[in-house]
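Here is the structure we will look at, set down as structure tokens.
Readers should treat all values here as calculations from the given coordinates under stated rules, not as data from a laboratory. Keep in mind that this is a model prediction, so the values were computed, not measured. Don't worry about glycine lacking a Cβ; one is built from the backbone with ideal geometry, like all the others, and counts go over all protein chains shown.
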Amino acid sequence: MDFSFTSDQQLLRNSARAFLDERCKPALARALWDDPRGESEAMWKDMAQLGWLGLALPEAFGGADLGMVETALLLEEMGRAAYPGPYFSTVLAATAIVELGSEAQKRRWLAAIAAGAARGTVALLDGAMDWTPAAVATKAERTAAGWSLTGTKPFVPWAHVADVLAVPARSSEGLSLFLVEPSTPGLTLSPVTGMDLSMRWTNVTLDGVTVPDDAVLGAPGQALPLVEGLLRIGAVGAAAEMLGAARRCLDMAVAYAKVREQFGQPIGSFQAIRHKCAEMLLEVENSHAATYYAAWALDAEAADAEMAASIAKAYVGDAARRVCGEAIQVHGGIGFTWEYDLHLYFKRAKALEVMYGDADWHRELIARRVTA
Amino acid sequence: MDLNYSPEDLAFRDQTRRWFAANTPAHEPRTLDERRAWHRRMYDAGYVGMGWPKEYGGQSATPMQQAIVADEMAHAGAPPTINGLGIGIVGPTIIVHGAEAQKQRYLRKILMADELWCQLYSEPNAGSDLASLKTRAEDAGDHFVVNGQKIWTSGGVIADWGLLLARTDSKVAKHKGISCFLLSMRQPGVEVRPLRQITGSSQFSEVFMTGARAEKADLIGRLGQGWEIAQTTLSYERGGNSLARVTRYASAFYQLVRATKELRRQGRPLVEDPVVRMKIGRIWTELEVQRYAALRVLSALTKGESPGAASSITKLSYSEFEKRYHEIAQEILGPWGQVTVAGPDEFSEVETSSGEPGTWAQAFLWSRAGTIYAGSSEVQKNVIGERVLGLPKEARADRAKV
Ligand SMILES: Cc1cc2nc3c(=O)[nH]c(=O)nc-3n(C[C@H](O)[C@H](O)[C@H](O)COP(=O)(O)OP(=O)(O)OC[C@H]3O[C@@H](n4cnc5c(N)ncnc54)[C@H](O)[C@@H]3O)c2cc1C
């Protein structure tokens, strides 16, 4: 039983923190808010150099063959830095290709992703805003040329910069995952502007989008377990990123409470503030336990991995919202300003709260399991 | 990171599970004699004093083995050992701070539950601010004379001995004038009056000491070292039990789930009501997070790391969770949650946090205690704020005087 990180994992975290502190300052995030792509190409190339883009990919394609724990470590650091960019969406797309892709599909995409030459995303949310993979309504119909896809996929992360979109759609065989390139006729991308300007979403409309036979990942109709698996990875990855945002907000609140004086003393000496900070720490530490337990469980294929993923998303989603919100409270007026950086993390936690199933969605899954 | 149990741990767990499956009594022992007999049975099998050194009759077990035994007891629904304070706090205090003669005299009898112990710390005017205690112990040549009153003394009525904090010097700063004694409860100068709790039962009591006698040989450590000793021993309570606590919560939880299938509202079983399902999902989420956190603590203990002030986070986390848990359980159970005498139905009896079975109502009432004893939630938050986060200390009226 060892809940601590290996020295390699610790090293990865340290180098991620050093890199992001240096290269991903709040000023960068702010500068990119008005940028149509919303990410930095130079930073993407450097992340590829550092091996982050191939972290969980097979060595044969230039990857490091590491697992969810390492991915979560990076994502936690990214949350702490309010990193703007398609890292996690690309990880999810790459995972889909690793799991079900043919040799040709892997050759086409994985090495390019690891090298920083391609980005991807997965359109997990379907038209009626339901994350439930079994409820996907987007249709896939066989045509002479392959398949025709019709439906809507709202809130697809970073689709506007993706070179490949993994799109779940339903045919008579069941649920399949299709690889669609953004230039394909019939595909419309329209940006959604959310609170977190560093988190880009796109509404994707598919109107008779025609893709060839070899756009299907695996055999047609067999993708339900994979899509459920991607959603779990999404949930745990989001938990890690929210954890990072929460820890950053806690650090900022504690640092501020030590120096801000009112009534002739630091505000941190008031119990109302000190106790708030203690409660925030409690939720951050529990979030750490929930996130890394789930990440480990996915890697180890533990019997309770599905449960643990839902628990991590439900717990950390609620906790991070509270912690980041309380950090604003501890700061008073300055915490409510556009110029102060707290809202970058507050908004990141908020944006991820609704992704990959919100807390209520996961609590229903949990209830289903424990009452079965 | 590897959250698998090692093959040795698994083997130990199997063996422990088999023993408790074969030996756990069918009926909850009621009388002290029955409970002592069960304690002895566990002692003979090597399941008592897991964390104590072998030379004092313990098992020198790893933190993981300690946790496994506690967890398997919870799993089997086995009755607790008796003398919990003796084994959990008094023994370790004597082992760390006691003289050799004290070790010889007391330790084995604590483990065997030949002598039962209580903790004489809190006073009517010294609770969270324990260091302001007033009970005096005066040097009378060959012994100390003790005068004062203690309160909220768990197990005071059945105790043979008490671990006492008393003031031996009122001229120095309040933390410096306190000493630690072993006090016989079986003497004319000690009177114990049971206090009734909100649960209706009387586990704790008031203790009046009037010219009571503490032997010179029963002073632990040096004169004036009592506060320091109490600080170190308060932390023995934490760690090893947290996994078992979660296991007990979980077995009660599955009873709650059974109840949701039998009870109905608006013409359908509660389990089909989305509002109830959210509550179930919420409890299980928090309960599992408590388990993950317990594993994290256990992993640190296994590496020989001492959690220090961070153990306040654990205490705060589970005791506050326990209140939320029982509040939600009450919401789900409705009038059923009110019942204090268990009926023949299978889901009304659960384990309370006192380690004894009771109804959901009693468990709900007990859940109010955990955020008060062993350092209230407010005190824990002060500790976390000051010692973990390094926030400035508050202005305190008594600090100027010290
Ligand atoms: C079931 C049970 C069993 C117990 N068993 C024992 C036992 O065996 N032996 C023993 O010695 N004691 C025992 N106790 C006593 C326990 O340790 C005390 O109740 C506890 O220390 C609190 O002290 P108090 O009751 O005097 O409350 P107080 O200290 O008066 O506290 C009252 C309220 O004020 C708050 N407060 C106090 N100080 C501060 C502060 N600095 N900042 C913010 N808020 C503060 C508290 O959190 C609480 O909410 C037991 C208590 C219970 C409930």
Here, residue A:25 and residue B:160, labelled 7 Å along Cα→Cβ, have an inter-label distance in nm of 7.1 nm
Of every Cα-Cα pair in segment B:185-235, the percentage lying beyond 19 Å is 55 percent
So the FRET efficiency between residue B:232 and residue A:304, C-beta based with R0 = 51 Å and rounded to 0.05, is 0.85
In degrees, nearest 10, the alpha-carbon axis of helix A:103-114 is tilted away from the dominant principal axis of the alpha carbons of chain A by 30 degrees
Long-range share for segment B:116-223, i.e. C-alpha pairs more than 16 Å apart as a percent of all pairs, stands at 54 percent
Excluding residues fewer than 8 positions from residue A:25 in its own chain, the aspartates and glutamates with Cα under 19 Å of it are A:34, A:35, A:39, A:41, A:46, A:76, A:77, A:196, A:241, A:251, A:339, A:341
Ranked from fewest to most other Cβ atoms within 10 Å of their own Cβ, B:223, A:110 fall in the order B:223, A:110
Per 10 angstrom bin, beginning at 0 and ending with the bin that holds the maximum distance, the Cα pairs of segment B:41-102 fall in percents of 20, 55, 22, 4
So, for the Cα atoms of segment B:241-388, Rg and Dmax in Å stand at 16.7, 55
note: chain B, Cα-Cα separations exceeding 26 Å make up a percent value of 58 percent
With -39,500 (n - 2.57) per DSSP H segment of 4 or more residues and division by the full residue count of the protein assembly as shown, the 222 nm estimate, nearest 500 deg cm²/dmol, is -15000 deg cm²/dmol
Two pseudo-spin positions, 7 Å from Cα along C-beta at residue A:5 and at residue B:387, lie apart in nanometres by 2.7 nm
Straight-line reach check, residue B:171, cutoff 17 Å on alpha carbons, 8 or more apart in-chain or any other chain, hits among lysines -> B:134, B:401
One finds, for residue A:336 and residue A:265 with R0 = 22 angstrom and r their Cβ-Cβ distance, a FRET efficiency to the nearest 0.05 of 0.45
For residue B:339, the residues 5 or more places away or on another chain with a placed amide H closer than 5 Å to its own amide H are B:361
To the nearest 0.05, the calculated FRET efficiency linking residue A:272 and residue A:195 through their beta-carbon distance, R0 being 22 Å, is 0.20
So, for the Cα atoms of segment A:246-340, Rg and Dmax in Å stand at 16.3, 55
Expressed as a whole-number percentage, the relative contact order of segment B:150-216 with C-alpha contacts under 8 angstrom and at least six residues apart is 38 percent
Cα-only Rg/Rh for segment B:7-91 with Kirkwood Rh rounds to 0.95
Residue B:210 and residue A:183 label points (each 7 Å along its Cα→Cβ direction) are spaced in nm at 9.9 nm
Sparse-neighbourhood loop hits (GluC sites (Glu not before Pro), segment A:278-372; DSSP loop; Cβ within 10 Å at most 11 others) -> A:301, A:339
With Rg from the Cα atoms and Rh as the Kirkwood inverse mean 1/r over Cα pairs, segment A:151-296 has an Rg/Rh of 1.18
Expressed to two decimals, the protein assembly as shown has a Cα Rg over Rh, using the Kirkwood radius, of 1.03
Tilt, helix A:224-259 to longest principal axis of chain A (alpha-carbon atoms), in degrees rounded to tens, equals 20 degrees
The distance between the Cα centres of segment B:1-36 and segment B:95-172, in whole Å, is 32 Å
Among chymotrypsin sites (Phe, Trp or Tyr not before Pro) in segment A:177-278, those in a DSSP loop whose Cβ has at most 10 other Cβ atoms within 10 Å are A:263
For residue B:315, the lysines lying under 19 Å Cα to Cα, once residues fewer than eight places off in the same chain are dropped, come out as A:276, B:323, B:381
With Cα coordinates, the longest principal axis of chain B makes an angle with the long axis of helix B:274-302, in degrees rounded to 10, of 40 degrees
By the Kirkwood definition, with r running over pairs of different Cα atoms, chain A has a hydrodynamic radius in Å of 21.1 Å
Long-range amide H partners of residue A:155, meaning residues 5 or more apart or on another chain whose placed amide H is closer than 5 Å, are A:202, A:203, A:204
If B:326, B:27, B:143 are placed from fewest to most neighbouring beta carbons inside 10 Å, the sequence is B:27, B:143, B:326
